[in-house]
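Working notes for the structure below.
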Amino acid sequence: MFGSFITMLTGIRILKNINKSLLGIIKYEKPIDKGIEIAGYDYDSVQDIFYSNMNAWQRNMGYSRLYDEASAPFGMIVDCEPIYFKYNNRIWLIELWKGQYDLNTGCEVGVYTAEKPILNLPEVYKYMFYNCASDEDRLTISLSLKKNGKTLFALDDKHWWLAGFKLGEYSEPSELVMYLNITLKDEEMCSSFVEAIKKIGYEENKEFIVNGNTVGLTFDKPHTTQPITRTEQTDKIIQMKNKLLCDKYNDITRVYSNLTDKINAIQKQAPEIYSEIVDKAVLRKYLRSMKNTETE
């Protein structure tokens, strides 16, 4: 109950900030491009996906569990898998996400760190505020997202937040499987990470393998407790809306071959979907920048 209340208050604050930001965005000749840029993404025309850029401004803002709790109420039905472990006298969080981000099917891998709390207990870790990994703490990550066995896209980089989103693709989180390889800094870090994924329920040689300091992991069904804002009933309602938006987007854009023409067509024929794309690009920026108010 308390978590839902905090999420509601946070949502009110986000909506107020979004209204101010959109006023600044719409003055540009190509507001959708500006919205994507502000949200911290680039576009890959070969794979037809948006992906996270290295120096997105939200890198300076860190991460809080509130992001996961606030996602569903704003139309993002996403499986999340936070993995906490200790290394080099700090608490590390590597979190995985996959699912439907409103009008997009996508996935993410985020790398975060925090100083050890005074009460150094694993139960405390999920309530902490985390900093995005510095350049020195970035990890080499490769991933591929598959839907019912078909590859949607693949990414490979040394990053702090590797993420990709396919606009107009509708999926249930259960249809998606993310295959990833993460190369840890050294044997000690790798052992600590492996211990953490075993603790939450991953089985070696079935859901993950270890090769040197690289861990190959299959993220299918999450092993950790999902946000309290996700329920079977509300997920169905939100996903019905998401599917309708995706269907309409695809009906309008199927005759076009490039993103600019697609967005122009959406702006003219379905301005409500155009606004949804711009709004949610900005919204993800604000959700990503939420700090844990309990730590401030």
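The values are calculated or read from the model by the stated rules, or taken from the named source; none is laboratory data. What you are looking at is a predicted structure, and each value in this text was computed from that prediction instead of being measured. Counting neighbours? That spans all protein chains shown, and the Cβs are built from the backbone with ideal geometry, glycine included.
Things to note:
- Inter-residue pairs, beta-carbon under 9 Å, first touching a residue at least 24 places away in the same chain (Cβ under 8 Å) and under 18 Å from residue 176 (Cα atoms) and in region 68-85, second among the acidic types (Asp, Glu) and part of a helix (DSSP H, G or I), 6+ apart: 72/235; 75/276; 77/235; 78/68; 80/68; 82/68
- Region 158-176, residues that are without any contact (Cβ under 8 Å) to a residue 60 or more places away in the chain and part of a strand (DSSP E or B): 158
- Neighbours by Cβ (under 9 Å, 6+ apart or cross-chain): first from region 193-206, closer than 21 Å to residue 111 by Cβ; second in a helix (DSSP H, G or I) and modelled with pLDDT under 95: 199/122
- Residue within region 116-126 that is assigned to a strand (DSSP E or B), surrounded by 13 or more Cβ atoms within 10 Å (Cβ to Cβ), out of contact with any Ser or Thr (no Cβ under 7 Å at 6 or more places or on another chain) and not hydroxyl-bearing (Ser, Thr, Tyr) present: no
- First in region 123-138 and closer than 15 Å to residue 83 by Cβ and touching a residue at least 60 places away in the same chain (Cβ under 8 Å), second anywhere and among the small types (Gly, Ala, Ser) and part of a loop (DSSP other than H, G, I, E, B), Cβ under 6 Å, 6 or more apart: 130/62
- Taking region 180-278 as the region of interest, the helices (runs of 4 or more DSSP H) fully inside it that hold 2 or more residues being modelled with pLDDT of 95 or more and over 14 Å from residue 167 (Cβ atoms) are 187-199, 232-253.
- In region 146-156, of all residues being out of contact with any Lys or Arg (no Cβ under 8 Å at 6 or more places or on another chain) and assigned to a strand (DSSP E or B), the one that is surrounded by the fewest Cβ atoms within 10 Å (Cβ to Cβ) corresponds to 150.
- Pick from region 215-256, criterion farther than 16 Å from residue 77 by Cβ and hydrophobic (A, V, I, L, M, F, W, C), ranking: surrounded by the fewest Cβ atoms within 10 Å (Cβ to Cβ): 255
- Those residues of region 71-93 which are among the hydrophobic types (A, V, I, L, M, F, W, C), assigned to a helix (DSSP H, G or I) and at pLDDT 90 or above, in sequence order: 72
- Flag not set for residue 214, criterion: on the phi < 0 side of the Ramachandran plot and under 19 Å from the mean Cα position of the chain (by Cα).
- Of the residues 96, 143, the single one that is among the aliphatic types (A, V, I, L, M), free of Cβ contacts under 8 Å to residues at least 60 places away in the same chain, assigned to a strand (DSSP E or B) and buried (at least 21 other Cβ atoms within 10 Å of the Cβ) is 143.
- In this structure, residue 51 does not satisfy being modelled with pLDDT under 95 and crowded, with 22+ Cβ neighbours inside 10 Å.
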